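Okay, structure first, notes after.
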Amino acid sequence: MKRRHLVLVWLVLLLTLTTLLNTFAAQRPTQVRLVMGYIPNVQFAPWYVAQEKGFFAEAGLAVNMDYGKVNDVMRLLATGDADLAIAGADEVIVARSQGVPVSYVMALYARFPAALISLADSGITSVEQLKGKSIGIPGFYGTNYIAVKAILEATGLREQDVTIRPIGYTQVQSLATRQVDSVIGFVNNEPIQLAEQGIPVTTIPLDSYFGLVGHGVVVGENTISRRPELVKAFVTATLRAMEWALANPAETFEICKKYIPELDQVNEPAQYRVLLASMELWESTVTKAHGLGYSDPKAWEKAQNQMAKWGIIPRTTPVDRLVTNNFLR
């Protein structure tokens, strides 16, 4: 009897220990690698807010924001070496056309953020006036180049009618020193920096020329199928942070300061205006109808067809593989 009693005691202890270990594992946050694609910046405010206000922790996530230069982040997402990334919708279309299985799961920028920016005294007040002018872009790739293709097509101009000049990410300096007649930048960035320097500019938003949304959250297809709860938790925490930030812009900026070491070395009022301009891009007529983070599949289809027409992608992909709104609340 004593021996049997001892066995029962050991079984109870074993079951108790197993329960405790399982409980501890369940309470331990899930480690998440989020590739930012850029240096710390106020444009990443939702994720700073989610971290600071505990929205990630409440979702059971421990998010590591990776600012390092990452080559071919889309393939890292596809292989699972990165969990999520902040990237442009055009990057997803290009990756899918090359057979890289990634999907866009929520929009940060609900509107295409690109803009044509020129000095106020240049006389360029419409895209039709670009003929014979130079346009500075980072290079013949990405969002800025797509924006040039879109406005040229809309105006009936050919690439030979303008001078497209790769200038890297020096739009502000290149325009201020008149190295180019105009640049393609983002409405929430370069125009504000130039205005801060006292340089009057004309800014023409290009979302009416190319309707694709801007940057958002991108995930590998394997992560979506094998770890949907992780994606859902991350998206939900991000949406909570966006809603909170929209209601508390000044406090959001104070939170950003904690995550951007160099912010005290630049003009804070200008950076606050960048934040406010970025927040304006979070909302559109589409998000007002469907909620923050929503991305219109019809816009994706139209944009993808344009990119195929221009030869930017070799083939198209079914839209439901490019974007999903299933993780939104």
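Expressed as an acute angle from 0 to 90° and rounded to the nearest 10, what is the orientation of the C-alpha long axis of helix 142-155 relative to the principal long axis of the chain?
Long axis of 142-155 versus the principal axis of the chain: about 40 degrees.
So what's Rg/Rh here for segment 114-205, counting alpha carbon atoms and using the Kirkwood radius for Rh? Walk me through the intermediate numbers first.
Values: Rg = 11.7 Å, Rh = 12.7 Å.
Rounded to two decimals, Rg/Rh equals 0.92.
Two decimals is fine: what's Rg over Rh for segment 66-222, C-alpha atoms, Kirkwood radius as Rh? Please list the in-between numbers first.
Values: Rg = 16.7 Å, Rh = 16.5 Å.
Computed over Cα atoms, the ratio is 1.01.
Say we join alpha carbon atoms closer than 10 Å with springs in a Gaussian network model of the chain; which of Asp161, Asp181, Asp72 then has the biggest fluctuation?
It is Asp72.
Take peptides 145-158, 98-111 and line them up by average Cβ neighbours within 10 Å, highest first, as a rough protection proxy.
So the order, starting with the most tightly packed, is 98-111, 145-158.
Students often get this wrong, so check it: of Lys69/Lys309; Lys69/Lys258; Lys53/Lys232; Lys69/Lys257; Lys53/Lys298, which have C-alpha atoms separated by over 27 Å? Can you show the working numbers first?
Numbers: Lys69/Lys309 31 Å; Lys69/Lys258 21 Å; Lys53/Lys232 18 Å; Lys69/Lys257 22 Å; Lys53/Lys298 35 Å.
Those over the limit are Lys69/Lys309; Lys53/Lys298.
To test your reading of the geometry: what angle, between 0 and 90 degrees and rounded to tens, separates the Cα axis of helix 268-281 from the longest principal axis of the chain?
Roughly 80 degrees between the two axes.
Within segment 111-145, find all residues whose amide N lies under 16 Å from a label point positioned 7 Å from the Cα of Ile199 along Cα-to-beta-carbon.
115-124, 134-138
Largest first and in whole Å, give the semi-axes of segment 35-156's equivalent ellipsoid, each being the square root of 5 times a Cα gyration tensor eigenvalue.
Numbers: eigenvalues 227, 71, 29 Å².
Each semi-axis is the square root of five times an eigenvalue, giving 34, 19, 12 Å.
Report the equivalent ellipsoid semi-axes for segment 228-329 in whole Å, largest first, defined as the square roots of five times the eigenvalues of the gyration tensor built from alpha carbon atoms.
Equivalent-ellipsoid dimensions as semi-axes: 31, 19, 14 Å.
Connecting C-alpha atoms closer than 10 Å in a GNM of the chain, tell me which of Gly198, Gly37, Gly211 has the biggest fluctuation.
Gly198
Restricting to bridges with both residues inside the chain, how much of the DSSP beta-bridge set is antiparallel, in percent to the nearest 5?
55
Given a Förster distance of 41 Å, report the FRET efficiency between Ser134 and Glu283 from their Cβ-Cβ distance, rounded to the nearest 0.05.
It comes out at approximately 0.75.
Would you kindly calculate the translational diffusion coefficient of the chain, applying Stokes-Einstein with the Kirkwood radius from alpha carbon pairs, for 4 °C and a viscosity of 1.567 mPa s, and quote it in µm² s⁻¹ without decimals?
60
Once both axes come from the Cα atoms, what is the angle between helix 249-259 and the longest principal axis of the chain, in degrees from 0 to 90, rounded to 10?
Relative to the chain, helix 249-259 is tipped by roughly 70 degrees.
Grab the DSSP H runs of the chain that are 4 residues or longer, score each as -39,500 (n - 2.57), total them, divide by all residues and round the 222 nm result to the nearest 500 deg cm²/dmol.
-14000 deg cm²/dmol
What length, rounded to one decimal in nm, is gained on full extension from Leu276 through to Ala176, with 0.36 nm per residue of separation minus their alpha-carbon distance? Don't skip to the answer; put the middle values down first.
Details: separation 100, 0.36 × 100 = 36.00 nm, distance 2.34 nm.
Here the segment from Leu276 to Ala176 would lengthen by 33.7 nm.
Identify, among Val187, Val201, Gly142, the residue whose Cα sits farthest towards the positive end of the charge dipole of segment 114-205, taking +1 on the Cβ of Lys and Arg and -1 on the Cβ of Asp and Glu, with the dipole about the Cα centre.
Result: Gly142.
Taken together, the values in this text are just the output of simple stated rules run on the coordinates, not laboratory data. All figures in this text were calculated on a predicted structure; none of them were measured in a lab. Note that we place each Cβ from the backbone using ideal geometry, even for glycine, and neighbour counts take in every protein chain shown.
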